[in-house]
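Taking it in order: structure first as C-alpha cells, then the write-up.
The values are calculated or read from the model by the stated rules, or taken from the named source; none is laboratory data. These numbers come from a predicted model, not from an experiment. We place every Cβ from the backbone using ideal geometry, glycine too, and count neighbours over all the protein chains shown.
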Amino acid sequence: MTNDFVQDFIDKQMVYVPDSHRFYDLVQALANYQGVDILPYTNNNELLTGLVRENAIKHYQKLLHEERPPQACVLIVITDEPNPRLLLTRRSARLSSHAGEVSFVGGKRDDTDKSSVETALREAYEEVGLDRADTQILGYLPMQISKKGLLVRPVVVCISPCAVDRLMPSEDEIDKLFWLPFAVLQTAPTNHIFDRELPNQTAKLHTPAWIYDDEVIWGLTGRILASLMEIGFGIKWGWYYWVKQC
C-alpha cells in the first residue's frame, strides 16, 4: 500500500437515498458538512506537550494544505431498524497493532482499491464476512488521525437486520463482534481512567468512553463516534486526553 492515490481513486462519492429512507436526515447532514476534512488531534490533549505538541500542530497544518488522501478506511455499520445498532469489534489480542482494542471493521488502503468505499468494504468482508450487496452507503465523516499517524476515513453504511446474523468474525483478526445500541451514544460518555506508564512513574489517563457489555469504547473509535453524533445528529460530546501523575 502507498500513501498516494492510485489513478482514478475516489475518496468520497455522491450519495442518494429517497426522502422516505429511515436515515435520510443523516445522509443530508453528512453531505452538508462544511468543516475541515481532517479533524485535529491536538485540542484538549495533555499527552502532547512541548516540542511534541508544536510538531503535531505543524504536521496537522501541513496535512490540511496538502489535502492528502486517506491511508485507511473504516466502516460504520448501522442497522436499518427502529432501534438502530452499530457494529463494533474487539481486535484479536494476537495482533501486532491495536491488539485487544474496540474498533470498527476496516483497515489500510491497498493499491488495488479504487475508492474509500472499496477499501472499507473489502476489509469488512475479510474481517466479518459483510457482503457489499447487504450495504447501503449513507455518507462519509471527516478523516481522523490515528495514534500511528494514519489518515483514517470513516464510511457510514446501513444494513438490513437480516444481514446481522450472516456476519462471522475472522478468528485471525477479531476476538469478539458486538452490536452497540445507538441509544448508548445519545448519553454522555463517562470519564474513564486508565493507568499509563511514564518514565519512573505511573500516571492516570483520563478520557471519555462509553461502556457497554464490559467493553470500553474510547480512543480513535470513540472520537469517530463523537464525530458521527455531532455532524450527523447535532449532539456534541467533548473529547479530551489528560494525565494526572500519581
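The table below gives the values:
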read-out	value
Members of the range 220-246 that are surrounded by fewer than 18 Cβ atoms within 10 Å (Cβ to Cβ), over 13 Å from Leu185 (Cβ atoms) and not hydrophobic (A, V, I, L, M, F, W, C)	Gly238, Tyr240, Lys244, Gln245
Residue list for the range 115-131, filter: farther than 16 Å from Ser170 by Cα and either aliphatic (A, V, I, L, M) or modelled with pLDDT under 95 (or both)	Val117
Pick from the range 69-105, criterion out of contact with any helix residue (DSSP H, G or I) (no Cβ under 9 Å at 6 or more places or on another chain) and among the basic types (Lys, Arg), ranking: modelled with the highest pLDDT	Arg90
The range 110-124: number of residues that are touching a residue at least 40 places away in the same chain (Cβ under 8 Å) and either closer than 16 Å to Pro154 by Cβ or crowded, with 18+ Cβ neighbours inside 10 Å (or both)	9
Residues of the range 192-231 that turn out to be part of a helix (DSSP H, G or I) and more than 30 Å from Gly139 (Cβ to Cβ), as a count	0
Residues within the range 232-246 that are assigned to a helix (DSSP H, G or I) and not small (Gly, Ala, Ser), tallied	1
Evaluation of Pro154 against (1) modelled with pLDDT under 95; (2) under 27 Å from Val17 (Cβ atoms); (3) not in a helix (DSSP H, G or I) (one fails), failing number	(1)
Output for the range 200-246, where each listed residue is under 20 Å from Phe104 (Cα atoms), of a type in the set (Ser, Thr, Tyr) and in contact (Cβ under 8 Å) with a residue 60 or more places away in the chain	Thr221, Ser227
Residues satisfying the stated conditions in the range 13-40, i.e. touching a helix residue (DSSP H, G or I) at 6+ places or on another chain (Cβ under 7 Å), part of a loop (DSSP other than H, G, I, E, B) and either of a type in the set (Gly, Ala, Ser) or under 24 Å from Arg68 (Cα atoms) (or both)	Gln13, Val15, Tyr33, Val36, Leu39, Pro40
